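*Asks:* My structure is below; once you've seen it, I'll send some questions.
The values are calculated or read from the model by the stated rules, or taken from the named source; none is laboratory data. The structure presented is a predicted model; accordingly, all values stated were derived computationally and were not measured. Note that we place each Cβ from the backbone using ideal geometry, even for glycine, and neighbour counts take in every protein chain shown. These area figures cover heavy atoms from the full protein model, side chains too; ligands, DNA and RNA do not enter into them. Shrake-Rupley method; radii C 1.70, N 1.55, O 1.52, S 1.80 Å.
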Amino acid sequence: MPLDFEALSNWDFEEIKQTLTERDTILYALGLGFGEDPTDKKELAFVYEDGLKAVPSMAVILGYPGFWLRDPKTGVNWQKVLHGEQWLDIYKPLPTHGRIVGRSQIDFISDKGEGKGAVIYQSREIIDADSGDKLARVAMSAFARGDGGFGGENRPGPTPAVLPDRVPDHICDIETLPRQALIYRLSGDMNPLHADPDVARSVGFDRPILHGLATYGLAARAILKTLLDYDSARLVGLDVRFSAPVYPGETVRFEIWEEDGEARFRASIPARDVVVLNNGAARFA
């Protein structure tokens, strides 16, 4: 069954209602390695209920509709879907607890051609259910490698951030734990690819890989640590392009440039000489 353009374009997402607890907020931060030094009060603020703060990137797990592309009605070969890009705009600092509503939609679908795949662009509004305030907008692209050539338009996506052609202004290394993915998955993404060695090997990986959105969260952590002195209210935008997976236990190196009041960055694994996040952009209040 080929990709169903009409069905996808008009996909009726169920409104997701979520009760966010302080435990959820703490668990998300622990999944990113916050609290690595439990005596560091600035990191402790994200993992301890006394004065708790939410990591801004937590927006990507709020009101999440699940891996809906697995539904046979989409016609998508879901086994060949890759997470391509992620965008985030934060309108108000995220709460550490409360009632959240997520409203998702398909923005557009780009047909790259027969044998070249398709890119599905979707977005989600994150809303405070009690006040009605919009908290954030989360957007992403999914690269459906096996579904090009359905006769659609080859529309370009958002232009990625350009990295400066100079030595980075900052380097931030973050060590991940061998069990990092087993912690992060408790925030909602239970894909066995990130836990079961047999599943990982069946799709070509040596062992389970870290969630792409966990690597994305590491970028938020690196920016908060390096540029913002952990002032989470100042991080109001975070965009990346995914390039390669991270294996839990690896050290991720962030190269960061300060540029016109914003930041540009990329992330790599020095031990394998591979870029894992590229064209990164962070925006500040």
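*Asks:* Taking the Cβ-Cβ separation of Asn77 and Ala195 as r and a Förster radius of 25 Å, what is the calculated FRET efficiency to the nearest 0.05?
*Replies:* 0.65
*Asks:* Using R₀ = 25 Å, calculate the FRET efficiency as 1/(1 + (r/R₀)^6) where r is the Cβ-Cβ separation of Asp229 and Thr251; round to 0.05.
*Replies:* Here the calculated transfer efficiency is 0.65.
*Asks:* Here's a follow-up. Tell me the relative contact order for region 75-153 as a rounded percent, counting alpha carbon contacts under 8 Å between residues six or more apart.
*Replies:* 41 percent
*Asks:* Counting pairs of alpha carbon atoms under 8 Å apart in space and at least six apart in sequence, what relative contact order in percent does the chain give?
*Replies:* 19 percent
*Asks:* Whenever you get a sec, line up Met140, Met58, Met190 from highest to lowest accessible area (probe 1.4 Å, protein heavy atoms).
*Replies:* Met190, Met140, Met58
*Asks:* Can you give me the accessible area per residue for region 101-180, using a 1.4 Å probe, in Å²?
*Replies:* Per-residue value: 51 Å².
*Asks:* 7 Å from Cα along Cα→Cβ at both Asp40 and Phe284: what's the point-to-point distance in nm?
*Replies:* 1.8 nm
*Asks:* Additional query: Which of the GluC sites (Glu not before Pro) across region 74-183 are loop residues per DSSP, with 13 or fewer other Cβ within 10 Å?
*Replies:* Glu114, Glu153
*Asks:* I've got another one for you. Can you give the net charge of the other residues whose Cβ lies under 13 Å from the Cβ of Pro158, counting K and R as +1 and D and E as -1?
*Replies:* -1
*Asks:* A follow-up question, please. Of the listed values (1) 39; (2) 52; (3) 33, identify the label whose number matches percent of Cα pairs over 29 Å apart calculated from this model.
*Replies:* (3)
*Asks:* Express the accessible area of region 206-285 per residue in Å², computed with a 1.4 Å probe while the remaining protein chains stay in the model.
*Replies:* 36 Å²
*Asks:* I'd like the accessible area for Arg145: 1.4 Å probe, protein heavy atoms, all chains in place, Å² to the nearest 10.
*Replies:* Answer for Arg145: close to 110 Å² accessible.
*Asks:* Under the Karplus relation 6.51 cos²θ - 1.76 cosθ + 1.60, θ = phi - 60°, what is the ordered set of whole-Hz ³J(HN,Hα) values for region 193-201, x standing for Gly and Pro?
*Replies:* Taking θ as phi minus 60°, the curve returns 4, 9, 9, 9, x, 5, 5, 4, 5 Hz for region 193-201.
*Asks:* Using the Karplus equation 6.51 cos²θ - 1.76 cosθ + 1.60 (θ = phi - 60°), what ³J(HN,Hα) coupling, rounded to whole Hz, does each residue of region 43-54 give in order, writing x for Gly and Pro?
*Replies:* 7, 4, 4, 9, 10, 9, 5, 7, x, 4, 10, 8
*Asks:* OK, next. Between Pro160, Ala244, Phe34, whose Cα lies farthest towards the positive end of the dipole of the chain when Lys and Arg beta carbons carry +1 and Asp and Glu beta carbons carry -1, centred on the Cα centre?
*Replies:* Toward the positive end, the furthest listed residue is Ala244.
*Asks:* In region 64-91, which residues have a backbone nitrogen under 15 Å from the label point lying 7 Å from Asp12's Cα in the Cα-to-Cβ direction?
*Replies:* 73-74
*Asks:* Test of understanding: what is the full-extension gain from Leu52 to Glu259, defined as 0.36 nm times their sequence separation minus their Cα-Cα distance?
*Replies:* 71.5 nm
*Asks:* Enumerate the calculated ³J(HN,Hα) couplings along region 264-272 in order (Karplus 6.51 cos²θ - 1.76 cosθ + 1.60, θ = phi - 60°), each rounded to whole Hz, writing x wherever the residue is Gly or Pro.
*Replies:* Per residue, the Karplus-derived 3J(HN,Hα) values read 10, 7, 9, 10, 9, 10, x, 5, 10 Hz.
*Asks:* Please give every one of the lysines within straight-line cross-link reach of Lys92, meaning a C-alpha to C-alpha distance under 21 Å, and leave out same-chain neighbours fewer than 8 residues apart.
*Replies:* Hits, sequence-local ones excluded: Lys17, Lys42, Lys53, Lys134, Lys225.
*Asks:* Could you work out the helix-only [θ] at 222 nm for the chain, with each DSSP H run of four or more residues adding -39,500 (n - 2.57) and the total divided by the number of residues, to the nearest 500 deg cm²/dmol?
*Replies:* -4000 deg cm²/dmol
*Asks:* Ignoring ligands and nucleic acids, what accessible area does Val199 show with a 1.4 Å probe (Å², nearest 10)?
*Replies:* 50 Å²
*Asks:* Lysines within cross-link reach of Lys80: Cα-Cα under 26 Å, excluding same-chain residues under 8 positions apart?
*Replies:* Lys112, Lys116
*Asks:* Could you tell me the center-to-center distance, by alpha carbons, between region 107-175 and region 248-273 in angstrom?
*Replies:* The distance from the Cα centre of region 107-175 to that of region 248-273 comes to 19 Å.
*Asks:* Note down the relative contact order for region 169-259 as a percent, whole number, built from C-alpha pairs under 8 angstrom at least six residues apart.
*Replies:* Once divided by the residue count of region 169-259, the mean separation gives 47 percent.
*Asks:* Using a 1.4 angstrom probe on heavy atoms only, work out the carbon and sulfur share of the accessible area of the chain in %.
*Replies:* 49 percent
*Asks:* While we're on this one: Determine, from the Cβ-Cβ distance of Asp165 and Arg272 and an R0 of 30 Å, the FRET efficiency 1/(1 + (r/R0)^6), rounded to the nearest 0.05.
*Replies:* Rounded to the nearest 0.05, the efficiency is 0.80.
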